[in-house]
Structures are given as structure tokens and as C-alpha cells.
Amino acid sequence: MRDALKEIGVFVKHLLSVRDLKKEDVLSYFRKIEKMEEEVRKGRTNLLEDKIIATLFFEPSTRTKLSFQTAAKRLGAQVVNFNADASSLKKGESLMDTIRIIDGYVDAIVIRHEIEGAARFASEIATHPVINAGDGANQHPSQTLIDLYSIKKLRGKISGLNVTLFGDLKHARAMHSLFYGVAMFNRNIALVAPPGLSFDERTVEEVETEFGVKVTVKEKPEIDDCDVLYVCRIQKERFSDPYEAERVKKEFMLTQETLKKAKKDMIILHPLPKIDEIAHEVDSDSRAKYFQQAQLGVPVRMAILADLFGKV
Amino acid sequence: MPLKVEKIENGTVIDHISSGEGLRVMKILGIGLGFSARFALIANVKSKKMGKKDILKIEEKYIDEKDFDKIALVAPSASVNIVKGGRVAKKKNVAMPARIDGVLACPNPKCITNFEQVASAFFVEKKTLRCAYCERSFSAGELI
């Protein structure tokens, strides 16, 4: 069906991976997000009033799911939901069949799945737009757009910044996507992660080559020269030795003490939920911007949804 | 006395394989135990162009064009000759394509291609091949 649509010149827009985006695409999203922020200030809009959006979350999610649903509703769309535990998937239905059926009901699909490449696969089956809301440890492009827009809005600019990605980079899909996103705009990126939890050498080399950036890899929590500090959780379950897990977690916990040497105009971002990687005392530091970042989730996802239908 | 391997009447001759890569070409084409056709790998043959080369002859079997991509992965200098009635009916130099569809399996156990009925796809990049689905990159050696 998708091929048939292509043959007659109908191209369906998707958002699947940051790799599919160019710098101009991101800047274009920024303009659309600004418009959506204005719409949010005005209240509910009717840009997508004739649309039905399916949010298919095969994995647990709170913020991503709720902000996509809120974004859709603020645009006047209707949302249909899905409970993976109670669905026919439990009876062994393939993802292909599930997508084929739901695609026949709705106008767009937002999908999160633990299997990497699931969203791209879904986009090849569906005749309607598909948004990747996270596929395993691979990609989370809507989060990256939130992160990049947060940097622009909360730090005042998007380029010429020293950006530090901090925590368990290896297992966090938000970090994989963001690494490509920040490399589009910034020449200096530091990766600060405990030994064994940084990106693999191949990923680092690829980003350095593709974007001409300088990537510095550090195994100690050094953040003194950074303008944007992006923190993610260090997961205890990644360590075989619980004592080592505790030691590393303590070493990489962001505290007021760690922040003493940091720049005064640095901003701290986090995809949330945060557990104990940032001390509560940091929440009241003026540099902590993660709650404001989370609030941007709705206008960013409104822009993504409206853009799929050429409504913004 | 020079080693002689007879000509084939019908089948495929893969020539100009870099010396030492013939076994890898066999592996990637699935030629080994259980392969029914008669075949011969002639290694370290003198070559004006290459110094030394390997040649693989497969009798009564015409390899598929999509296998040319696989050969290019391990022997980018190879040429494939389709022989019919003792004459070369078709000759083609293999070339690294921009994308390889359906012939290599993704080694990532969490990749969708290992769960659903979908043909694998890899983008050929400078030093690696990237899975079009899970987006992980692999060296040619990891995929063969």
C-alpha cells in the first residue's frame, strides 16, 4: 500500500530518527514550535480537529505518552489508546498485523517499542504518519527536539556552546539521539560517563567525522567549562557489583558541591524522570532547567503532530 | 607442472578475487558442506594486474545478481562471469552498492529484523555497514 502511494506521488511524512533530520529541518521545527507555544498561550486550537491519533506504547511511559496525548488534544485531535498487556499481542499477533489494523482506524500513529527499528518498520507498513516515541536503545527523536529547543530557549542560543552529556550514555536512547542533535550545532562535545558506560568508539568516530566536531571523553565528573550539562540516570542494574554501582552513583551524583566550579550561566537539563542522580538541593539552583524543559514537551510535540499534516 | 582446472561449460566464474579472499567469497555465497554443485577454488593464481588472485568456479549454477553485493563486501575487485555453452554470456565487475537489501542478517538481537518478517537492509558507509532499522553499524567482518 505504501509503495502504491509512493507510485502516485503521495509521500507520507514520519518522524523516526534524528539521523533523518538535517540542521535546516531542526531550525524549521524551532519556528513551528514557537508558533505552537503561541497557540498554547491562546488555549486549545482546532488545527487537527478532524484527526484521530493512536498512541501505541508497548513499553511503560508517563511523560512522553501524556505529552503526546496532551499535544494531540490541544490541537483538537482525538486520541485512541492502547494497552499492550491486554492487547492481541499477548496472543502472539505480529507487530506487522497490529500496525496494519490500527493504521486502518486512525490518521497517525505514535509508537514506543522495546525492539530497535520497530518505528521504522511500522512506517513501512502504515499508510499514515508514524512518530517514533522511542525504540529500544536506538532513537527518541521527539525528545531530541525538546532538548535542542530547550537549549535554544533556556540558554539563549543553540550554536557555539560546550555541551556535556553526563551519566550512562550507553543505555540511554535519549542520549544517542541527542548526541547527533547537538553535533549539528556545536563543535565541542564532552562525554562524561563511568568507565564502560560511554558511547562506543564507532559512534564517537562517526559523529566526529560526519559533523567535524571535537568529542572529549571523560571518566570523571568534570563540568567546569561546559555551557549545557545534560544529565541522565546511571542505572544500578548495569553493574554486576552492587558496591561498585553505589560508588559510581555517588561519584556521578550532581550536587551543589559539583556545581561550585561550573559556569554561572550553564544550564542543567535532564530528560526526566530523575531518581537520585541529581541531589534535591540542585532543583532550586537557577541553572537547573529540567522542569522547564519538560514543560516544553507539549508545544514541541504539538509542532511535530501539526507538521505531519502540513498544518503549521 | 602447472596446476590445471578445466573450463566449465555452464556456470559462474568469479575472477579477480584478491589473493586469500576466495574462502570468504565461498562462505558468503554459502558454498561449503551440503553445497551440491561442483566447484573449484584456485588460490594464488598469477595475475598481471593483481600480482596474485583467487578464482572461484561453480559448475551448473548461476549466481543471483543480488549476491554480487555480497561478493563486493569481501572482494570488491572481483568480476563475475556467467558462462553458458562454454562462452562468457555476461560479465560484470562487482561494485559496492549504497544499500544492501535482504542478504545479510543484523547481528543485533534487539533489531526488528530478527523479530518480524522483514528483509534486512544495510547502508554502506565509509568503513562500516549500518542497519537501516536498528541503525547500529557493523564492520563487514561482523556481518559475514
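The values are calculated or read from the model by the stated rules, or taken from the named source; none is laboratory data. Note that the structure is predicted; figures quoted are calculated from it, not measured. So basically every Cβ, Gly included, is an ideal-geometry build from the backbone, and we count neighbours across all protein chains shown. The accessibility values were calculated without ligands, DNA or RNA, using every heavy atom of the protein model including side chains. Shrake-Rupley method; radii C 1.70, N 1.55, O 1.52, S 1.80 Å.
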Q: Evaluate the range A:117-124: report whether one residue or more is modelled with pLDDT of 95 or more, surrounded by 18 or more Cβ atoms within 10 Å (Cβ to Cβ) and not in a helix (DSSP H, G or I).
A: yes
Per the filter on the range B:71-113, residues closer than 28 Å to A:R120 by Cβ and in contact (Cβ under 8 Å) with a residue 60 or more places away in the chain are B:L73, B:V74
Does B:A105 meet the test of being assigned to a loop (DSSP other than H, G, I, E, B), open to solvent by less than 80 Å² (accessible area, probe 1.4 Å), among the small types (G, A, S) and within 30 Å of A:T98 (Cβ to Cβ)? yes
Scan the range B:66-83 and give yes if some residue there is on the phi > 0 side of the Ramachandran plot, open to solvent by less than 80 Å² (accessible area, probe 1.4 Å) and more than 12 Å from chain A (Cβ to nearest Cβ), otherwise no. no
Across (1) in a strand (DSSP E or B); (2) surrounded by 19 or more Cβ atoms within 10 Å (Cβ to Cβ), B:V45 clears everything bar (2)
**Prompt:** Among the residues of the range A:125-135, is there at least one that is within 12 Å of another protein chain (Cβ to nearest Cβ), surrounded by fewer than 24 Cβ atoms within 10 Å (Cβ to Cβ) and more than 18 Å from the chain's Cα centre (by Cα)?
**Reply:** yes
The number of residues in the range B:114-130 that are over 19 Å from the mean Cα position of the chain (by Cα) and either facing chain A (nearest Cβ under 7 Å) or in contact (Cβ under 8 Å) with a residue 24 or more places away in the chain (or both) is 4
Among the residues of the range B:108-144, the number that are part of a strand (DSSP E or B) and of a type in the set (A, V, I, L, M) is 3
Log entry, pairs with first residue in the range A:138-152 being closer than 11 Å to A:V182 by Cα and within 14 Å of chain B (Cβ to nearest Cβ), second being assigned to a helix (DSSP H, G or I) and open to solvent by less than 10 Å² (accessible area, probe 1.4 Å), beta carbons closer than 7 Å, six or more apart or on different chains, reads A:T144/A:V18; A:T144/A:S177; A:T144/A:L178; A:T144/A:G181
Only one of A:A306, A:A294 is at pLDDT 90 or above, touching a Leu at 6+ places or on another chain (Cβ under 7 Å) and open to solvent by 30 Å² or more (accessible area, probe 1.4 Å), namely A:A294
Just one listed residue, out of A:V182, A:V204, is farther than 14 Å from A:S17 by Cβ, in contact with a strand residue (DSSP E or B) (Cβ under 8 Å, 6 or more places away or on another chain), free of Cβ contacts under 8 Å to residues at least 60 places away in the same chain and crowded, with 24+ Cβ neighbours inside 10 Å, and it is A:V182
Taking the range B:133-144 and keeping only residues that are free of Cβ contacts under 8 Å to residues at least 40 places away in the same chain and either within 7 Å of chain A (Cβ to nearest Cβ) or surrounded by fewer than 21 Cβ atoms within 10 Å (Cβ to Cβ) (or both), one is left with B:Y133, B:C134, B:E135, B:S137, B:F138, B:S139, B:G141, B:E142
So the strands (runs of 3 or more DSSP E) completely within the range A:204-312 holding 3 or more residues that are over 22 Å from the mean Cα position of the chain (by Cα) are A:214-218
| message | Yes or no: the range A:83-93 includes at least one residue that is at pLDDT 95 or above, of a type outside the set (A, V, I, L, M) and open to solvent by less than 40 Å² (accessible area, probe 1.4 Å). | response | no
Here the qualifying pairs (Cβ atoms under 6 Å; residues six or more apart or on different chains; first in the range B:39-51 and assigned by the TED database to the domain that holds B:S19 and among the β-branched types (V, I, T); second part of a strand (DSSP E or B) and crowded, with 16+ Cβ neighbours inside 10 Å) come out as B:I42/B:I55; B:V45/B:K53; B:V45/B:I55
Counted residues in the range B:17-40 being under 13 Å from the mean Cα position of the chain (by Cα) and either of a type in the set (D, E) or not in a loop (DSSP other than H, G, I, E, B) (or both) come to 10
Counting only strands (runs of 3 or more DSSP E) wholly inside the range A:32-116, the ones holding at least 3 residues that are within 14 Å of another protein chain (Cβ to nearest Cβ) and closer than 23 Å to A:V298 by Cα are A:108-113
